[in-house]
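Just so you know, all these numbers are worked out from the coordinates, no wet-lab data involved. Fair warning: this is a prediction, and the values are worked out from it, not measured in the lab. So basically every Cβ, Gly included, is an ideal-geometry build from the backbone, and we count neighbours across all protein chains shown.
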Protein chains: 2
Amino acid sequence: MDQNDMDITNMEPPPSPKPSFVRNANLATMKEDYLYHLALDTEHHDLKDMFKDVRFVCFGGSPSRMKAFAFYMVDELKYKMVAGQTLENISRGSDRYVLYKVGPVLSVSHGMGIPSLSILIHEILKLLNHAGCDPGEVIFFRLGTSGGLGLEPGTVVISEAAVDGLLRPYMEVAILGLINQFPAFLCPMLNNELLDVAKSIGCETVLGKTMCTYDFYEGQGRLDGAFCDFTEEDKMNFLKRAHGKGIANIEMESLCFAAMCHRAGVKSAVLCVTLLDRLKGDQISTPHDVMEEWQQRPQRIMSAFIKKKLGISD
Amino acid sequence: MDQNDMDITNMEPPPSPKPSFVRNANLATMKEDYLYHLALDTEHHDLKDMFKDVRFVCFGGSPSRMKAFAFYMVDELKYKMVAGQTLENISRGSDRYVLYKVGPVLSVSHGMGIPSLSILIHEILKLLNHAGCDPGEVIFFRLGTSGGLGLEPGTVVISEAAVDGLLRPYMEVAILGLINQFPAFLCPMLNNELLDVAKSIGCETVLGKTMCTYDFYEGQGRLDGAFCDFTEEDKMNFLKRAHGKGIANIEMESLCFAAMCHRAGVKSAVLCVTLLDRLKGDQISTPHDVMEEWQQRPQRIMSAFIKKKLGISD
């Protein structure tokens, strides 16, 4: 990159605010709170009793993957279940998200795209606030999939920062007719710790910037959508320029994830495996079992990190 | 509304383009096409054989609601199943969306928000193109839920037009670094036909404009999100102004739905039931069974419309 090139993605992160799950004076006036999309509420559920020990909240797009992650954590943490019991989807009263709890670990699916994730983060933040968790102690993780740029498929990218499709490091939200911009920074110290853990378990992992788009096809420069009015050359020029600015992978949620966590002052990290190299193609046709193994890689890093924090050895 | 007020939502719709499921010269060069999020592809599935008779594609957010709609259509259309068989989720190889087929009717879930819907519409358009359906004959419907403005909860709104959170009647997509604007117009003739059908079955239904946001909490002026820096008065001023501009309801997908259908030249309509009156509150706490009945109202209109088109009497 040209050293004179003013790169907004290299700006110093603004200082993190004091951790607080909620920043909303109106909440104090509410008698009950219905977390509608989680099918939980303060009237029928003792949220403090259910969730007060949560320390690690792991988000991922796919409900079946996040269910599998919860059961994987049962094994990894040697988590003792009551005889005759199994994990159940705590949000089974809704079919928007799945939510599983394994001791201090929540495993929750967020669907695809920023709006779907945004609803969930609002409700998870309120949930942890009702539960009386310490916002300075809880860490949020997104374990996802992505398209890579110049990386061997299967490589895990830990996001240094999230940027939008125009490389702007903030999420824009129209609120009461005004556009608000929320900076999407992630925590370098946490990232380095995760990178060390990934290396210790032999998982090919890099740090890089993540482009987050609102559209999978045209928004990510794919040639294979229903609509496309650009050429292969246009696409490659764009992806190469993005790559030259430090973009390592492309997905659809990191911007919102980083921005909302930063706004709450909650530590967070985004770990996405790359399913293909977008500099080489658009279509995902890798065999299912290979892709399954790749998708477990962020989970394996996550497990090793959590076990280290909890002092659990293999 | 002030008669001198230039209201962009009252602009004449641009003429619809000639119907075509796809507008992408690159597709002709592809040997195979993997509709990744539907778990269907041209190599392993005979898409023409499976889908050539499709005429009505019904989209809705919730997987369980769209599964229920498919079984409801079996009853309504007196659709004869082979003895010992039942409907199955055609996209069961993926857990992103569910897809059911009942004769000429597809019932498909789109998740929450524009990005999730956008991926699906790209892949459904390509699917119908592979199947050789006639783009001038297929109609797309979104059957959804929404917050109403000044309407009795349970009222169905048929969208005259979709606008974003700043009342702009187009969807913006960043494509290779440029912002593209796709107009989000719907078909007045189809809407009037649907309104007549709704009246004929005694379902409280109105025509109105629909505001489509990228965020459920702050983006829709809710006071009960994790974050909120505006007051009840700010919120009410905004919602009343939107209501004064003809906004009847607020949801999270119509803008993309209308824009992508308009771009393909495919006829489309959006029918959303209102779950609450946002001029009176934010929280959704209506009993589950009441809400279930409300959510069936767009489905009942849909069924009556499809039966009319197919010449099926009760």
- prompt: Using unit Cβ charges (K, R positive; D, E negative) and no other charged atoms, how large, in debye to the nearest 20, is the dipole of chain B about its Cα centre?
  reply: 880
For region B:142-157, Karplus couplings with θ = phi - 60° (6.51, -1.76, 1.60), whole Hz, Gly/Pro x: 10, 10, x, 10, 7, x, x, 10, x, 10, 5, x, x, 5, 8, 10
- request: First select every other residue whose beta carbon is under 14 angstrom from the beta carbon of B:S64; then total the charges, Lys and Arg +1, Asp and Glu -1.
  value: +1
message: Just to confirm the numbers: B:G177, label point 7 angstrom along the Cα-Cβ line, distances to the other copies in nm, shortest first?
response: 3.6
query: Each residue of region B:298-311 in turn: what ³J(HN,Hα) in whole Hz from Karplus with 6.51, -1.76, 1.60 and θ = phi - 60°, glycine and Pro shown as x?
result: x, 5, 5, 4, 4, 4, 4, 5, 5, 4, 4, 5, 8, x
field: Dimensions (Å) - chain A, Cα atoms, principal axes, largest first
entry: 57, 48, 38
- prompt: Going down the table (A:K18/A:K309; A:K240/B:K126; A:K126/B:K240; A:K18/A:K209; B:K240/B:K280; B:K209/B:K308), which pairs top 18 Å between alpha carbons?
  reply: A:K18/A:K309; A:K240/B:K126; A:K126/B:K240; A:K18/A:K209; B:K209/B:K308
- prompt: In chain A, which longest range has no trypsin sites (Lys or Arg not before Pro) that are both DSSP loop (not H, G, I, E or B) and surrounded by at most 15 other Cβ atoms within 10 Å?
  reply: A:93-279
field: Two-decimal ratio, region A:161-258, of alpha-carbon radius of gyration to 2.2 N^0.38 Å
entry: 1.25
task: Report, by chain and number, residues whose modeled amide H sits under 5 Å from the one on A:C187, excluding near sequence neighbours (fewer than 5 apart, same chain).
output: A:S268
- line: Inter-part gap, Cα centre of region A:76-98 to Cα centre of region B:101-152, in whole angstrom, is 32
field: Charge context of A:T205, other residues only, Cβ under 13 angstrom, K/R +1, D/E -1
entry: -2
query: Which whole-Hz couplings ³J(HN,Hα) result when phi for each residue of region A:114-129 is put into the Karplus expression 6.51 cos²θ - 1.76 cosθ + 1.60, θ = phi - 60°, listed in order with x for Gly and Pro?
result: 4, x, 5, 5, 4, 4, 5, 5, 3, 6, 5, 4, 5, 4, 5, 5
query: Using the Cβ atoms and a cut-off under 12 Å, what net charge is assigned to the surroundings of B:Y100, where Lys and Arg are +1 and Asp and Glu are -1?
result: +3
- request: Rank these for me by crowding, B:M30, A:M66, B:M81, going from fewest to most other beta carbons within 10 Å.
  value: B:M81, B:M30, A:M66
- line: at B:L190 the sorted inter-copy label distances (label 7 Å from Cα on Cβ side), in nanometres, are 4.4
message: Give me the percent relative contact order of chain B, please, defined on Cα pairs under 8 angstrom at least 6 residues apart.
response: 24
- prompt: Any idea what the B:K309 label distances to the other copies are, label 7 Å down the Cα→Cβ vector, nm, shortest first?
  reply: 5.1
statement: Sorted by chain and then number, the residues having a modelled amide H within less than 5 Å of the amide H of B:E160, at least 5 places away or on another chain, are B:G208, B:K209, B:T210
message: Which of B:L275, B:L99, A:L186, A:L207 has the fewest other C-beta atoms within 10 Å, and how do the rest follow up to the most?
response: A:L207, B:L275, A:L186, B:L99
field: Fewest-first ranking of B:V270, B:V82, A:V266, using other Cβ atoms within 10 Å as the exposure measure
entry: B:V82, A:V266, B:V270
